[in-house]
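Student: Got a structure here, written out as structure tokens. Questions coming.
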Amino acid sequence: MTEPQIGRRALLRGAGGLAALAALPSLTACGTGTSRASAGGGKGGGKTVVVRDSGGSYGAALQKAVYTPFTQETGIGVKVLNLDDAPLLAQIKQGRPQCDLINNSMMSHLKYVKQDALEALDKDRLKSLKSAKIPDKQITDHAVGHSFYGQCIGYRTDAFGGRKPASWADFWDTKAFEGGRSMVSPDGDLPELEFALLADGVPMDKLYPLDVDRAFKVLTRLRSDIKKFWDSGPLPGVLLSRQEVTMSTVWDGRLADLQKQGVPVERQLNGMRRQFSGYAIAKGAANVDGAYRLMDFALRPESQAALAKAFPSNPSSPLAYAKLTEDQRNALAGAPKYYDKGFDADIDWWLKNETAVTKRWLEWARG
């Protein structure tokens with residue numbers, strides 16, 4: 001097995017997440033940033049709202065599907081800030097956040113709440129909660145889930161003599177489904193304990209609380225076949241396309257471009273782990289009104305559908321899928337025909353156990 005490279009993000013997970021990040025002033029912002037003077041308007045609103053998102057192809061899709069149409073409809077400009085958690089949290093603690101609206105994982109939002117870094121939401125200002133039928137479990141006192149990504153199996157369709165892996169048990173079965181494997185490191189995502197337990201016969205609805213000892217025993221059975229631990233979204237597709245592995249865990253939308261290029265890869269959504277992203281308003285935001293208006297616009301079914309057309313994003317609004325063609329809808333892991341194949345990550349469990357599990361994972365990966 002290739003010796004895993006343990007990066008800074010994994011070490012920070014093991015050191016206590018955002019609490020550790022907040023103590024590291026050397027972390028710097030990435031992307032454009034903006035002066036709060038340009039946001040204007042104070043609590044009452046203004047001509048510009050500043051939103052934090054992760055940039056890249058996802059940021060470009062947001063610009064096309066959400067930000068530009070929002071400005072066209074309201075006359076309110078949108079400035080994008082690509083900022084890591086640590087400096088953003090530090091700004092909020094100092095009462096000077098550079099952004100108004102935060103687009104981040106729901107798990108990160110919960111961490112922010114524990115540090116009193118988010119505004120409590122006035123849900124009456126978000127008409128889309130009802131009109132888009134956002135699921136109740138994706139609406140908290142401080143954040144609203146707008147989409148999810150699914151972690152699932154990616155595999156080469158030419159590797160197994162026409163047979164297709166159907167479950168995590170098949171992922172672990174390297175005799176029937178020969179070839180190397182790749183799994184995530186904590187630099188890429190939460191450790192994949194759930195998949196090990198599913199492979200060992202635990203039902204999806206009985207996963208939590210996770211049996212950590214059992215999960216690591218199952219992971220150890222596969223360890224010699226894990227050729228690389230991936231730490232970024234594109235890497236599983238690279239490993240599959242180069243035939244370095246025949247199966248890998250992967251974010252559900254990451255194989256589409258390879259398929260368009262003719263690479264023989266496919267995903268298996270049985271046992272998919274869902275993690276939601278959402279919107280929240282920074283504590284002390286300069287343009288609270290603009291943040292509410294942009295959030296409400298982005299949560300509309302038509303806005304979520306537009307984003308799904310531009311990026312493999314799975315809307316939280318069930319109404320958004322009806323605004324897509326059948327082919328567009330069925331390309332998404334959130335389509336009604338697939339949804340019951342997966343499960344939602346229990347972020348409350350992970351918040352309580354992430355540090356200990358990551359520490360143990362690091363020890364396990366190093367042998």
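The values are calculated or read from the model by the stated rules, or taken from the named source; none is laboratory data. Please read all numbers here as calculations on a predicted model, not as lab measurements. Glycine also receives a Cβ, built like all others from the backbone with ideal geometry; neighbour counts cover every protein chain displayed. Accessible surface areas use protein heavy atoms only, side chains included; no ligands, DNA or RNA. Shrake-Rupley method; radii C 1.70, N 1.55, O 1.52, S 1.80 Å.
Student: Test Leu319 against the stated conditions and say whether it is under 19 Å from the mean Cα position of the chain (by Cα), outside any loop (DSSP other than H, G, I, E, B) and surrounded by fewer than 23 Cβ atoms within 10 Å (Cβ to Cβ).
Tutor: Judged against the criteria, Leu319 is not a match.
Student: Pairs needed: first member in the stretch 208-228, more than 17 Å from Gly271 (Cβ to Cβ) and free of Cβ contacts under 8 Å to residues at least 24 places away in the same chain; second member anywhere, of a type in the set (Gly, Ala, Ser) and in a helix (DSSP H, G or I); C-beta distance under 9 Å; at least 6 residues apart or different chains.
Tutor: Final answer for the pair search is Lys217/Ala196.
Student: Something else about it: Any idea which of Gly161, Gly154, Gly180 is touching a Ser or Thr at 6+ places or on another chain (Cβ under 8 Å) and either more than 20 Å from Ala333 (Cα to Cα) or without any contact (Cβ under 8 Å) to a residue 24 or more places away in the chain (or both)?
Tutor: Gly180
Student: Wholly within the stretch 177-288, which strands (runs of 3 or more DSSP E) include no fewer than the required count, namely at least 2 residues that are among the hydrophobic types (A, V, I, L, M, F, W, C) and open to solvent by 40 Å² or more (accessible area, probe 1.4 Å)?
Tutor: Filter on the stretch 177-288 gives an empty set.
Student: If you don't mind, there's one more thing I want to ask. Can you tell me which residue is surrounded by the most Cβ atoms within 10 Å (Cβ to Cβ) among those in the stretch 322-367 that are among the acidic types (Asp, Glu) and closer than 22 Å to Gln138 by Cα?
Tutor: Restricting to residues being among the acidic types (Asp, Glu) and closer than 22 Å to Gln138 by Cα, the top hit is Glu354.
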